[in-house]
1. Taking Ser248, is it assigned by TED's automatic domain parsing to the domain that holds Pro299, farther than 20 Å from Gly20 by Cβ, small (Gly, Ala, Ser) and touching a Phe, Trp or Tyr at 6+ places or on another chain (Cβ under 8 Å)?
2. Which numbered condition in (1) buried (at least 21 other Cβ atoms within 10 Å of the Cβ); (2) more than 20 Å from the chain's Cα centre (by Cα) is the only one that Lys168 fails?
3. In the stretch 185-199, which residues are of a type in the set (D, E, K, R) and free of Cβ contacts under 8 Å to residues at least 12 places away in the same chain?
4. If the requirement is being crowded, with 24+ Cβ neighbours inside 10 Å and of a type in the set (Ser, Thr, Tyr), which of these qualifies: Ser272, Ser353, Ser323?
5. What number of residues within the stretch 145-202 are in contact with a strand residue (DSSP E or B) (Cβ under 8 Å, 6 or more places away or on another chain), basic (Lys, Arg) and not in a loop (DSSP other than H, G, I, E, B)?
6. Of all residues in the stretch 301-326, which are over 14 Å from Glu354 (Cβ atoms), without any contact (Cβ under 8 Å) to a residue 60 or more places away in the chain and either out of contact with any Pro (no Cβ under 9 Å at 6 or more places or on another chain) or assigned by TED's automatic domain parsing to the domain that holds Leu156 (or both)?
7. Mind listing whichever residues of the stretch 231-242 are in contact (Cβ under 8 Å) with a residue 12 or more places away in the chain and more than 18 Å from the chain's Cα centre (by Cα)?
8. So, in the stretch 52-70, how many residues would count as being surrounded by 14 or more Cβ atoms within 10 Å (Cβ to Cβ) and without any contact (Cβ under 8 Å) to a residue 24 or more places away in the chain?
Amino acid sequence: MKTAGEKIVHIPNYYPPHIGGIEDVCHSIVSALPDFQHQVICFHNQKTTQRDIYEGIPVTRSSVWKKLFSQSISFSFYTELKRIFKEFDPDIVHFHTPNPLSSVYVLMLLPKKTKLIVHWHSDIIAQDRLYLFYQWVEKRLLKRADKIIMTSPTYLSGSKALQAWKDKLQVIPNTVNTDKLQKKEGDEEAIAAIRNLYKGKKIIFTFGRHVPYKGIKYLIEAAPLISEDAVIVIAGSGPLTDELKSRSTASSSIHFIGRLSDDALRHYLYASDVFAFPSITRNEAFGIALAEAMYCGLPAVTFTIPDSGVNWVSINGETGLESENGNVGALAEAINKLLEDNALRTRLGKNASERVREQFTSDAIKEDLILLYKDF
(Lines give C-alpha, C1' and ligand atoms only; values in the text may rest on other atoms or scores of the structure.)
Protein backbone atom coordinates (compact mmCIF):
# COMPACT_ATOMS: atom_id res chain seq x y z
CA MET A 1 0.00 0.00 0.00
CA LYS A 2 1.28 3.47 -0.90
CA THR A 3 1.93 6.02 1.82
CA ALA A 4 -0.03 9.27 1.38
CA GLY A 5 2.27 11.86 -0.06
CA GLU A 6 4.72 9.35 -1.50
CA LYS A 7 4.30 10.55 -5.09
CA ILE A 8 3.89 14.23 -5.95
CA VAL A 9 3.40 15.97 -9.28
CA HIS A 10 4.44 19.63 -9.23
CA ILE A 11 2.93 22.05 -11.74
CA PRO A 12 4.62 25.46 -11.99
CA ASN A 13 4.55 27.62 -15.12
CA TYR A 14 8.21 26.86 -15.83
CA TYR A 15 11.05 25.09 -14.04
CA PRO A 16 14.82 25.64 -13.76
CA PRO A 17 17.06 26.29 -15.49
CA HIS A 18 14.35 28.77 -16.52
CA ILE A 19 14.73 31.84 -14.28
CA GLY A 20 11.77 33.04 -12.24
CA GLY A 21 10.41 33.45 -8.73
CA ILE A 22 7.73 30.74 -8.80
CA GLU A 23 10.15 28.43 -10.57
CA ASP A 24 12.68 28.89 -7.77
CA VAL A 25 10.03 28.23 -5.12
CA CYS A 26 8.92 24.99 -6.78
CA HIS A 27 12.53 23.90 -7.23
CA SER A 28 13.34 24.59 -3.58
CA ILE A 29 10.37 22.48 -2.44
CA VAL A 30 11.39 19.56 -4.62
CA SER A 31 15.03 19.84 -3.53
CA ALA A 32 14.15 20.05 0.18
CA LEU A 33 12.18 16.78 0.21
CA PRO A 34 14.28 13.99 -1.31
CA ASP A 35 12.35 11.29 0.58
CA PHE A 36 9.31 11.86 -1.66
CA GLN A 37 8.98 10.83 -5.30
CA HIS A 38 8.61 13.91 -7.51
CA GLN A 39 7.76 14.68 -11.10
CA VAL A 40 7.37 18.12 -12.66
CA ILE A 41 5.29 19.20 -15.63
CA CYS A 42 5.52 22.76 -16.92
CA PHE A 43 5.65 24.79 -20.10
CA HIS A 44 8.62 24.86 -22.46
CA ASN A 45 9.97 28.10 -23.91
CA GLN A 46 9.98 26.43 -27.33
CA LYS A 47 7.46 24.89 -29.72
CA THR A 48 8.64 21.38 -28.91
CA THR A 49 7.93 19.13 -25.93
CA GLN A 50 10.97 18.03 -23.98
CA ARG A 51 11.26 15.32 -21.34
CA ASP A 52 14.43 15.47 -19.32
CA ILE A 53 15.96 14.75 -15.94
CA TYR A 54 16.90 17.85 -13.94
CA GLU A 55 18.90 17.16 -10.78
CA GLY A 56 17.49 13.65 -10.70
CA ILE A 57 13.84 14.72 -11.13
CA PRO A 58 11.80 13.85 -14.26
CA VAL A 59 10.63 17.10 -15.86
CA THR A 60 8.19 17.34 -18.76
CA ARG A 61 8.34 20.68 -20.58
CA SER A 62 5.29 20.96 -22.84
CA SER A 63 5.48 22.75 -26.16
CA VAL A 64 4.04 26.27 -26.29
CA TRP A 65 2.17 27.47 -29.37
CA LYS A 66 2.12 31.15 -28.39
CA LYS A 67 1.48 33.52 -25.48
CA LEU A 68 -1.73 35.46 -24.90
CA PHE A 69 -2.12 37.89 -21.97
CA SER A 70 1.15 36.48 -20.56
CA GLN A 71 -0.41 32.99 -20.59
CA SER A 72 1.43 30.20 -22.37
CA ILE A 73 -0.89 28.35 -24.77
CA SER A 74 -0.01 24.66 -24.92
CA PHE A 75 -2.16 21.88 -26.35
CA SER A 76 0.41 19.20 -25.62
CA PHE A 77 0.20 20.00 -21.90
CA TYR A 78 -3.15 18.19 -21.76
CA THR A 79 -1.72 15.04 -23.35
CA GLU A 80 1.42 15.05 -21.22
CA LEU A 81 -0.49 15.63 -17.98
CA LYS A 82 -2.86 12.78 -18.81
CA ARG A 83 0.12 10.53 -19.46
CA ILE A 84 1.79 11.46 -16.14
CA PHE A 85 -1.40 10.86 -14.16
CA LYS A 86 -1.72 7.42 -15.73
CA GLU A 87 1.92 6.31 -15.56
CA PHE A 88 3.06 7.98 -12.32
CA ASP A 89 -0.25 7.67 -10.45
CA PRO A 90 0.48 10.51 -7.98
CA ASP A 91 -0.94 10.83 -4.49
CA ILE A 92 -0.75 14.63 -4.56
CA VAL A 93 -0.68 17.38 -7.16
CA HIS A 94 1.09 20.55 -5.99
CA PHE A 95 -0.22 23.23 -8.31
CA HIS A 96 1.27 26.75 -8.48
CA THR A 97 -1.04 29.63 -9.39
CA PRO A 98 -1.72 31.88 -11.22
CA ASN A 99 -1.68 29.48 -14.16
CA PRO A 100 -5.08 29.71 -15.91
CA LEU A 101 -4.75 27.21 -18.76
CA SER A 102 -3.17 24.53 -16.61
CA SER A 103 -6.00 25.03 -14.10
CA VAL A 104 -8.46 23.93 -16.77
CA TYR A 105 -6.41 20.85 -17.60
CA VAL A 106 -6.00 19.90 -13.94
CA LEU A 107 -9.75 20.12 -13.34
CA MET A 108 -10.43 18.01 -16.42
CA LEU A 109 -7.88 15.28 -15.66
CA LEU A 110 -7.25 15.12 -11.92
CA PRO A 111 -8.34 11.71 -10.55
CA LYS A 112 -10.84 11.89 -7.70
CA LYS A 113 -8.52 10.00 -5.36
CA THR A 114 -5.62 12.42 -5.94
CA LYS A 115 -5.21 15.22 -3.42
CA LEU A 116 -4.75 18.77 -4.67
CA ILE A 117 -2.62 21.48 -3.06
CA VAL A 118 -3.01 24.94 -4.62
CA HIS A 119 0.02 27.14 -3.99
CA TRP A 120 -1.39 30.67 -4.21
CA HIS A 121 1.41 33.03 -5.24
CA SER A 122 -0.77 35.94 -6.30
CA ASP A 123 -4.24 37.01 -7.34
CA ILE A 124 -4.70 37.86 -11.01
CA ILE A 125 -4.68 41.65 -10.80
CA ALA A 126 -3.55 43.26 -14.05
CA GLN A 127 -5.28 41.08 -16.67
CA ASP A 128 -8.90 42.07 -16.00
CA ARG A 129 -10.25 40.70 -19.27
CA LEU A 130 -8.58 37.34 -18.78
CA TYR A 131 -9.89 37.13 -15.24
CA LEU A 132 -13.50 37.64 -16.37
CA PHE A 133 -13.26 34.37 -18.28
CA TYR A 134 -11.09 32.59 -15.73
CA GLN A 135 -12.76 33.33 -12.39
CA TRP A 136 -15.30 30.48 -12.66
CA VAL A 137 -12.41 28.06 -13.25
CA GLU A 138 -10.60 29.57 -10.27
CA LYS A 139 -13.62 28.97 -8.01
CA ARG A 140 -13.83 25.33 -9.11
CA LEU A 141 -10.10 24.89 -8.55
CA LEU A 142 -10.25 26.29 -5.01
CA LYS A 143 -13.33 24.19 -4.24
CA ARG A 144 -11.52 21.06 -5.44
CA ALA A 145 -8.37 21.91 -3.49
CA ASP A 146 -7.68 19.99 -0.29
CA LYS A 147 -5.22 22.62 0.95
CA ILE A 148 -4.33 26.14 -0.18
CA ILE A 149 -0.90 27.59 0.57
CA MET A 150 -0.57 31.34 1.10
CA THR A 151 2.94 32.80 1.07
CA SER A 152 2.29 35.41 3.79
CA PRO A 153 -0.29 36.01 6.53
CA THR A 154 -0.99 39.51 5.23
CA TYR A 155 -2.21 38.61 1.73
CA LEU A 156 -5.60 37.17 2.66
CA SER A 157 -7.28 40.44 3.68
CA GLY A 158 -6.98 41.85 0.17
CA SER A 159 -7.80 38.67 -1.75
CA LYS A 160 -11.48 38.32 -2.65
CA ALA A 161 -10.80 34.96 -4.27
CA LEU A 162 -9.55 33.36 -1.03
CA GLN A 163 -12.16 34.68 1.40
CA ALA A 164 -14.51 31.71 1.03
CA TRP A 165 -11.79 29.12 1.65
CA LYS A 166 -10.23 30.19 4.95
CA ASP A 167 -10.62 26.69 6.40
CA LYS A 168 -8.24 25.32 3.75
CA LEU A 169 -5.51 27.97 4.10
CA GLN A 170 -2.04 27.44 5.46
CA VAL A 171 0.81 29.96 5.46
CA ILE A 172 4.10 28.60 4.12
CA PRO A 173 6.41 31.41 3.00
CA ASN A 174 8.47 31.39 -0.15
CA THR A 175 12.13 30.53 0.23
CA VAL A 176 15.44 31.64 -1.20
CA ASN A 177 17.95 29.36 -2.86
CA THR A 178 20.75 29.44 -0.33
CA ASP A 179 23.15 27.50 -2.58
CA LYS A 180 22.89 30.31 -5.10
CA LEU A 181 23.48 33.03 -2.49
CA GLN A 182 26.27 31.64 -0.29
CA LYS A 183 29.68 33.13 -0.96
CA LYS A 184 32.03 30.96 -2.96
CA GLU A 185 35.75 30.86 -3.64
CA GLY A 186 36.78 33.85 -5.72
CA ASP A 187 33.76 35.95 -4.76
CA GLU A 188 35.71 38.50 -2.73
CA GLU A 189 37.80 39.45 -5.76
CA ALA A 190 34.66 39.81 -7.92
CA ILE A 191 32.94 41.89 -5.23
CA ALA A 192 35.96 44.18 -4.94
CA ALA A 193 36.04 44.58 -8.73
CA ILE A 194 32.42 45.77 -8.73
CA ARG A 195 33.14 48.32 -6.01
CA ASN A 196 36.16 49.55 -7.96
CA LEU A 197 34.04 49.78 -11.12
CA TYR A 198 31.87 52.39 -9.41
CA LYS A 199 34.90 54.15 -7.89
CA GLY A 200 34.07 53.27 -4.32
CA LYS A 201 30.70 55.02 -4.33
CA LYS A 202 27.91 53.43 -2.33
CA ILE A 203 25.73 51.16 -4.50
CA ILE A 204 21.93 51.19 -4.50
CA PHE A 205 20.98 47.97 -6.26
CA THR A 206 17.77 46.56 -7.70
CA PHE A 207 16.96 43.68 -10.03
CA GLY A 208 13.93 42.02 -11.56
CA ARG A 209 11.63 42.19 -14.57
CA HIS A 210 11.13 45.66 -16.00
CA VAL A 211 7.34 45.78 -15.80
CA PRO A 212 5.01 48.48 -14.38
CA TYR A 213 4.26 46.99 -10.98
CA LYS A 214 7.99 46.78 -10.13
CA GLY A 215 7.98 50.58 -9.81
CA ILE A 216 11.49 51.11 -11.19
CA LYS A 217 10.43 54.46 -12.66
CA TYR A 218 10.04 55.81 -9.11
CA LEU A 219 13.62 54.87 -8.29
CA ILE A 220 14.79 56.67 -11.43
CA GLU A 221 12.73 59.74 -10.54
CA ALA A 222 14.28 59.70 -7.07
CA ALA A 223 17.84 59.76 -8.43
CA PRO A 224 18.27 63.59 -8.38
CA LEU A 225 17.31 63.59 -4.70
CA ILE A 226 19.79 60.89 -3.67
CA SER A 227 23.28 61.56 -2.36
CA GLU A 228 25.86 62.30 -5.07
CA ASP A 229 28.20 59.83 -3.37
CA ALA A 230 26.11 56.88 -4.60
CA VAL A 231 25.15 55.11 -7.82
CA ILE A 232 21.93 53.31 -8.75
CA VAL A 233 22.54 49.96 -10.46
CA ILE A 234 19.54 48.39 -12.20
CA ALA A 235 19.77 44.75 -13.31
CA GLY A 236 17.22 42.73 -15.27
CA SER A 237 15.22 43.41 -18.38
CA GLY A 238 11.68 43.49 -19.69
CA PRO A 239 9.16 45.35 -21.83
CA LEU A 240 9.88 48.67 -20.07
CA THR A 241 13.68 48.56 -20.36
CA ASP A 242 13.98 51.03 -23.24
CA GLU A 243 11.51 53.44 -21.65
CA LEU A 244 13.31 53.29 -18.31
CA LYS A 245 16.64 53.94 -19.97
CA SER A 246 15.24 56.97 -21.76
CA ARG A 247 13.96 58.32 -18.43
CA SER A 248 17.43 58.03 -16.93
CA THR A 249 19.54 59.71 -19.62
CA ALA A 250 19.85 62.93 -17.62
CA SER A 251 21.48 61.15 -14.68
CA SER A 252 25.03 59.82 -14.80
CA SER A 253 24.46 57.98 -11.52
CA ILE A 254 22.10 55.38 -13.02
CA HIS A 255 23.57 52.25 -14.59
CA PHE A 256 21.66 49.49 -16.43
CA ILE A 257 23.56 46.20 -16.48
CA GLY A 258 21.03 43.78 -18.03
CA ARG A 259 20.26 40.26 -16.87
CA LEU A 260 22.83 38.67 -14.61
CA SER A 261 24.00 35.11 -14.13
CA ASP A 262 23.51 33.62 -10.68
CA ASP A 263 27.16 34.25 -9.88
CA ALA A 264 27.11 37.87 -11.05
CA LEU A 265 23.88 38.53 -9.15
CA ARG A 266 25.43 37.19 -5.95
CA HIS A 267 28.49 39.39 -6.46
CA TYR A 268 26.36 42.51 -6.91
CA LEU A 269 24.25 41.74 -3.86
CA TYR A 270 27.32 41.48 -1.64
CA ALA A 271 28.99 44.49 -3.26
CA SER A 272 25.98 46.77 -2.71
CA ASP A 273 24.99 48.91 0.26
CA VAL A 274 21.20 49.34 -0.09
CA PHE A 275 18.57 47.28 -1.88
CA ALA A 276 15.81 49.27 -3.55
CA PHE A 277 12.56 47.36 -3.97
CA PRO A 278 10.04 49.96 -5.25
CA SER A 279 7.17 47.63 -6.23
CA ILE A 280 3.80 49.35 -5.96
CA THR A 281 0.95 46.81 -6.26
CA ARG A 282 -0.21 43.47 -4.86
CA ASN A 283 1.17 41.81 -7.99
CA GLU A 284 4.23 41.74 -5.76
CA ALA A 285 2.73 39.29 -3.31
CA PHE A 286 5.93 38.30 -1.51
CA GLY A 287 9.18 39.51 -3.03
CA ILE A 288 11.66 36.69 -3.54
CA ALA A 289 14.24 39.14 -4.91
CA LEU A 290 13.73 41.16 -1.73
CA ALA A 291 14.38 38.10 0.45
CA GLU A 292 17.48 37.22 -1.59
CA ALA A 293 18.94 40.67 -1.03
CA MET A 294 18.13 40.50 2.67
CA TYR A 295 19.85 37.10 2.95
CA CYS A 296 23.02 38.78 1.67
CA GLY A 297 22.80 41.40 4.41
CA LEU A 298 21.28 44.28 2.45
CA PRO A 299 18.82 46.59 4.21
CA ALA A 300 15.87 47.22 1.91
CA VAL A 301 13.85 50.28 1.03
CA THR A 302 10.27 49.42 0.06
CA PHE A 303 6.96 51.13 -0.54
CA THR A 304 3.96 50.40 1.67
CA ILE A 305 1.75 47.98 -0.31
CA PRO A 306 -1.56 47.24 1.43
CA ASP A 307 -2.41 43.52 1.66
CA SER A 308 0.89 42.43 0.13
CA GLY A 309 3.49 40.23 1.77
CA VAL A 310 6.31 42.65 0.94
CA ASN A 311 6.02 44.60 4.19
CA TRP A 312 5.90 41.33 6.14
CA VAL A 313 9.06 40.02 4.50
CA SER A 314 10.95 43.25 5.25
CA ILE A 315 9.80 44.90 8.47
CA ASN A 316 9.93 48.68 8.69
CA GLY A 317 12.58 49.83 11.14
CA GLU A 318 13.87 46.30 11.75
CA THR A 319 15.19 44.98 8.44
CA GLY A 320 14.71 48.02 6.22
CA LEU A 321 12.80 51.24 5.75
CA GLU A 322 9.32 51.68 4.31
CA SER A 323 8.01 54.67 2.33
CA GLU A 324 4.58 55.92 1.31
CA ASN A 325 3.54 54.12 -1.87
CA GLY A 326 4.64 56.01 -4.98
CA ASN A 327 6.13 58.91 -3.01
CA VAL A 328 9.43 59.66 -4.79
CA GLY A 329 10.59 62.13 -2.15
CA ALA A 330 9.97 59.69 0.68
CA LEU A 331 11.78 56.94 -1.23
CA ALA A 332 14.83 59.16 -1.71
CA GLU A 333 14.74 60.22 1.94
CA ALA A 334 14.76 56.60 3.13
CA ILE A 335 17.64 55.70 0.81
CA ASN A 336 19.65 58.74 1.96
CA LYS A 337 19.04 57.85 5.59
CA LEU A 338 20.57 54.42 5.06
CA LEU A 339 23.47 55.79 3.01
CA GLU A 340 24.36 58.39 5.63
CA ASP A 341 23.94 56.28 8.78
CA ASN A 342 26.46 53.47 8.69
CA ALA A 343 25.40 52.04 12.05
CA LEU A 344 21.72 51.92 11.02
CA ARG A 345 22.56 50.35 7.68
CA THR A 346 24.70 47.69 9.35
CA ARG A 347 22.11 46.90 12.02
CA LEU A 348 19.19 46.60 9.60
CA GLY A 349 21.26 44.54 7.18
CA LYS A 350 22.24 42.11 9.94
CA ASN A 351 18.62 41.81 11.06
CA ALA A 352 17.52 41.28 7.46
CA SER A 353 19.93 38.40 6.96
CA GLU A 354 18.90 36.75 10.22
CA ARG A 355 15.20 37.04 9.39
CA VAL A 356 15.59 35.30 6.04
CA ARG A 357 17.83 32.57 7.41
CA GLU A 358 15.35 31.87 10.22
CA GLN A 359 12.10 31.99 8.22
CA PHE A 360 12.61 31.96 4.44
CA THR A 361 14.89 29.02 3.67
CA SER A 362 14.09 25.45 2.71
CA ASP A 363 15.27 24.22 6.09
CA ALA A 364 12.90 26.63 7.83
CA ILE A 365 9.79 25.35 6.04
CA LYS A 366 10.75 21.70 5.48
CA GLU A 367 8.82 20.28 8.43
CA ASP A 368 5.70 22.29 7.53
CA LEU A 369 5.80 20.84 4.01
CA ILE A 370 6.27 17.28 5.26
CA LEU A 371 3.32 17.64 7.62
CA LEU A 372 1.24 19.19 4.83
CA TYR A 373 1.93 16.32 2.44
CA LYS A 374 1.18 13.69 5.06
CA ASP A 375 -1.93 15.38 6.46
CA PHE A 376 -4.34 13.58 4.14
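The values are calculated or read from the model by the stated rules, or taken from the named source; none is laboratory data. Being a predicted model, the structure only gives us computed values, none of them experimental. Virtual Cβ from ideal backbone geometry, glycine too; neighbours counted across all protein chains shown.
1. On the way: assigned by TED's automatic domain parsing to the domain that holds Pro299: yes; farther than 20 Å from Gly20 by Cβ: yes; small (Gly, Ala, Ser): yes; touching a Phe, Trp or Tyr at 6+ places or on another chain (Cβ under 8 Å): yes.
It is true that Ser248 is assigned by TED's automatic domain parsing to the domain that holds Pro299, farther than 20 Å from Gly20 by Cβ, small (Gly, Ala, Ser) and touching a Phe, Trp or Tyr at 6+ places or on another chain (Cβ under 8 Å).
2. Condition not satisfied by Lys168: (1).
3. Initial filter on the stretch 185-199 (of a type in the set (D, E, K, R)): 185, 187-189, 195, 199.
Of everything in the stretch 185-199, those that are of a type in the set (D, E, K, R) and free of Cβ contacts under 8 Å to residues at least 12 places away in the same chain turn out to be Glu185, Glu188, Glu189, Lys199.
4. Numbers: Ser353 fails: crowded, with 24+ Cβ neighbours inside 10 Å; Ser323 fails: crowded, with 24+ Cβ neighbours inside 10 Å.
Exactly one of Ser272, Ser353, Ser323 is crowded, with 24+ Cβ neighbours inside 10 Å and of a type in the set (Ser, Thr, Tyr), namely Ser272.
5. The total comes to 4.
6. Thr304, Ile305, Val310, Asn316, Gly317, Glu322, Glu324
7. Of all residues in the stretch 231-242, those in contact (Cβ under 8 Å) with a residue 12 or more places away in the chain come to 231-241.
Once the filter is applied, which keeps residues that are in contact (Cβ under 8 Å) with a residue 12 or more places away in the chain and more than 18 Å from the chain's Cα centre (by Cα), the stretch 231-242 yields Val231, Ile232, Val233, Pro239, Leu240, Thr241.
8. Result for the stretch 52-70: 4.
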